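Below is one structure, written out as structure tokens, with a few remarks after it.
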Amino acid sequence: MVVLAVASVDTAGLPPAERFAFWQDVVARDSAAARISSAHAADFAASARAVDLGVVRLGVWRYPSLELARTPRLIRSSDPEFYQLALPLNGHGVVSQQRRSARLDPSGFAFIDTVRPHGSRHAPDRAAGPLETLTALVPHRALPLPPRRAAALLAAEIPADAGMGALLANFLRRLVAHPEQYAASDAPGLDRIALDLIAGTLAGQLEVEGELPVEVRITGLRARVEAWIRQHLADPELNPAAVAEAHHLSVRALHRLFDDADTTVAALIRTARLDRCFRDLADPGLRHLAVHQVAARWGFRDRAHFSRAFRAAYGLSPREHRDRSIRT
């Protein structure tokens, strides 16, 4: 399988005196040119990893504390016309744009426009240790929100631990942490999901979801449904009717929501439960549980049904999988 392409850079391979200038070039090339200062400029240990989905460009940046300013002069010399969502994975700081300021910390995204001046500073929570930030760059033309709507969110705090923001954060974290799990041919689909979740998150903050295209709203609702299912897998009463009721949909409307997906709601529930059982059966810390107890933990009440479904999915029985995991 040809996996998603990932581009990586690391200053470790350069002489200390060349690292900071190299990093500024990387930021200008892969994000937007900015004036950067840091107490660690003499020996700047940093790295970056980028995943280009097509329209949305994702990055994970690892660096020591720094301050960044995108000035009018730099904008005139380099105007890529992107919106950027930044999610600090640790540390704390502040971002400012349009005379507004927002916190920089793992609880929320910061939203900026690269064609407008802005600044930020980011420092670790402790005296030492590298910082990490996850970013998503979206071209202006690709975001299905009017510019005047998007401008209202610049340097605003957008929660990443609740609602659509949490779905977006979890999706982006999984994607950049394990890009090898996706084929290169998955990029267009992942691109659409990322863009729709970004649009849904921003529109939700503005309470203008109704202004989004229908297909974007469908992606957002489907993501909420899938997240809710994952949270309730242990409930043996979990079924399409329960999912529909929890989301104020008819069962027919719920099934229509997944019409163009590669799965059904029932299959989604079954596959997710089997995946949890597969992992638990291979976990040495859960060897004290019988196979049927592991199955029951994830909503399988019928032992025979669980064994048939497991064998159909993985080509061996649950006990054979556990025994094989012990041997390896």
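The values are calculated or read from the model by the stated rules, or taken from the named source; none is laboratory data. These numbers come from a predicted model, not from an experiment. Note that each Cβ is placed from the backbone with ideal geometry, even for glycine, and that neighbours are counted across all protein chains shown. Protein only, heavy atoms only, side chains kept; ligands, DNA and RNA dropped before computing areas. Shrake-Rupley method; radii C 1.70, N 1.55, O 1.52, S 1.80 Å.
Determine whether the stretch 179-186 contains at least one residue that is in a loop (DSSP other than H, G, I, E, B) and either of a type in the set (G, A, S) or in contact with a Leu (Cβ under 7 Å, 6 or more places away or on another chain) (or both). Full working, then the answer.
If we filter the stretch 179-186 for residues that are in a loop (DSSP other than H, G, I, E, B), which is where we start, we get 182.
After this cut, where a residue has to be either of a type in the set (G, A, S) or in contact with a Leu (Cβ under 7 Å, 6 or more places away or on another chain) (or both) as well, the list is 182.
Yes, the conditions are met somewhere in the stretch 179-186.
Condition first: within 21 Å of V115 (Cβ to Cβ) and touching a residue at least 24 places away in the same chain (Cβ under 8 Å). Now tell me which residues in the stretch 28-46 satisfy that. Break it down into steps so the answer makes sense when it comes.
If we filter the stretch 28-46 for residues that are within 21 Å of V115 (Cβ to Cβ), which is where we start, we get 28-36.
Residues satisfying the conditions are A28, D30, S31, A32, A33, A34, R35, I36.
Check S325 against each of (1) within 33 Å of the chain's Cα centre (by Cα); (2) under 17 Å from L233 (Cβ atoms); (3) surrounded by 14 or more Cβ atoms within 10 Å (Cβ to Cβ) and name the one condition it does not meet.
(2)
Say we look at the stretch 158-180 and pick out the residues that are in contact with a helix residue (DSSP H, G or I) (Cβ under 9 Å, 6 or more places away or on another chain) and more than 20 Å from R230 (Cα to Cα); which of these is most open to solvent (accessible area, probe 1.4 Å)?
P159
Which is surrounded by fewer than 19 Cβ atoms within 10 Å (Cβ to Cβ) and more than 17 Å from A102 (Cβ to Cβ), of A152, A183, A199?
Working: A152 fails: more than 17 Å from A102 (Cβ to Cβ); A199 fails: surrounded by fewer than 19 Cβ atoms within 10 Å (Cβ to Cβ).
None of the other options fit; the residue is A183.
Between A39, A12, A32, which is at pLDDT below 95, crowded, with 17+ Cβ neighbours inside 10 Å and touching a Ser or Thr at 6+ places or on another chain (Cβ under 9 Å)?
Working: A39 fails: crowded, with 17+ Cβ neighbours inside 10 Å; A12 fails: crowded, with 17+ Cβ neighbours inside 10 Å.
Residue meeting the stated conditions: A32.
Considering every residue within the stretch 215-237, establish whether at least one is at pLDDT below 90, among the charged types (D, E, K, R), more than 21 Å from A166 (Cβ to Cβ) and in a helix (DSSP H, G or I).
Scanning the stretch 215-237 turns up at least one residue that is at pLDDT below 90, among the charged types (D, E, K, R), more than 21 Å from A166 (Cβ to Cβ) and in a helix (DSSP H, G or I).
Does Q231 fit the bill of being polar (S, T, N, Q), within 30 Å of A156 (Cα to Cα) and open to solvent by 60 Å² or more (accessible area, probe 1.4 Å)? Steps first, please.
Numbers: polar (S, T, N, Q): yes; within 30 Å of A156 (Cα to Cα): yes; open to solvent by 60 Å² or more (accessible area, probe 1.4 Å): yes.
So Q231 fits the description; yes.
Looking at the stretch 238-251, which of its residues are over 14 Å from A266 (Cα atoms), outside any loop (DSSP other than H, G, I, E, B) and within 26 Å of the chain's Cα centre (by Cα)?
Within the stretch 238-251, just A246 meets the criteria.
Suppose we filter R57, R49, R70 for residues that are under 19 Å from L153 (Cα atoms) and touching a residue at least 24 places away in the same chain (Cβ under 8 Å); which single one remains?
On the way: R57 fails: under 19 Å from L153 (Cα atoms); R49 fails: under 19 Å from L153 (Cα atoms).
After applying the criteria, what remains is R70.
For the stretch 202-214, what are the residues that are open to solvent by less than 40 Å² (accessible area, probe 1.4 Å) and assigned to a helix (DSSP H, G or I)?
L202, A203, G204
Restricting to the stretch 55-109, count the residues that are part of a loop (DSSP other than H, G, I, E, B) and over 15 Å from the mean Cα position of the chain (by Cα).
Taking the stretch 55-109 as the starting set, the residues that turn out to be part of a loop (DSSP other than H, G, I, E, B) are 55-56, 64-65, 71, 78-81, 89-91, 98-99, 105-107.
If we keep only those that are over 15 Å from the mean Cα position of the chain (by Cα) too, we end up with 55, 64-65, 71, 78-81, 90-91, 98-99, 105.
Number satisfying all stated conditions: 13.
Which of the residues spanning the stretch 252-288 are of a type in the set (A, V, I, L, M) and not in a loop (DSSP other than H, G, I, E, B)?
Here is the first cut: in the stretch 252-288, the ones of a type in the set (A, V, I, L, M) are 253-254, 257, 261, 265-269, 272, 274, 281-282, 286.
The answer is A253, L254, L257, V265, A266, A267, L268, I269, A272, L274, L281, L286.
Answer yes or no as to whether D79 is over 18 Å from S37 (Cβ atoms) and at pLDDT below 90. Spell out how you get there, then give the answer.
Values: over 18 Å from S37 (Cβ atoms): yes; at pLDDT below 90: yes.
Judged against the criteria, D79 is a match.
Scanning for something within 27 Å of the chain's Cα centre (by Cα), of a type in the set (D, E, K, R), surrounded by fewer than 17 Cβ atoms within 10 Å (Cβ to Cβ) and under 19 Å from T135 (Cα atoms), does the stretch 20-28 turn up at least one residue?
Step one: filter the stretch 20-28 for residues within 27 Å of the chain's Cα centre (by Cα), giving 23-28.
In the following step, the residues that additionally are of a type in the set (D, E, K, R) were identified as 25.
If we keep only those that are surrounded by fewer than 17 Cβ atoms within 10 Å (Cβ to Cβ) as well, we get 25.
Next cut, under 19 Å from T135 (Cα atoms) only: 25.
Checking the stretch 20-28: at least one residue is within 27 Å of the chain's Cα centre (by Cα), of a type in the set (D, E, K, R), surrounded by fewer than 17 Cβ atoms within 10 Å (Cβ to Cβ) and under 19 Å from T135 (Cα atoms).
Contact list please: Cβ distance under 9 Å, first residue in the stretch 217-228 and closer than 12 Å to A199 by Cα, second residue assigned to a helix (DSSP H, G or I) and modelled with pLDDT under 85, pairs at least six apart or on different chains.
Here the result reads R217/E209; R217/G210; G220/E209, each pair linking the stretch 217-228 to a residue that is assigned to a helix (DSSP H, G or I) and modelled with pLDDT under 85.
When the residues of the stretch 156-167 are filtered to those that are closer than 12 Å to L85 by Cβ and assigned to a loop (DSSP other than H, G, I, E, B), which remaining residue is nearest to the chain's Cα centre (by Cα)?
Out of the qualifying residues, it is A160.
Among all residue pairs at least 6 apart or on different chains, which show Cβ distances below 6 Å where the first residue, located in the stretch 268-286, is closer than 15 Å to H321 by Cα and the second is among the β-branched types (V, I, T)?
C277/V294; D280/V294; L281/V294
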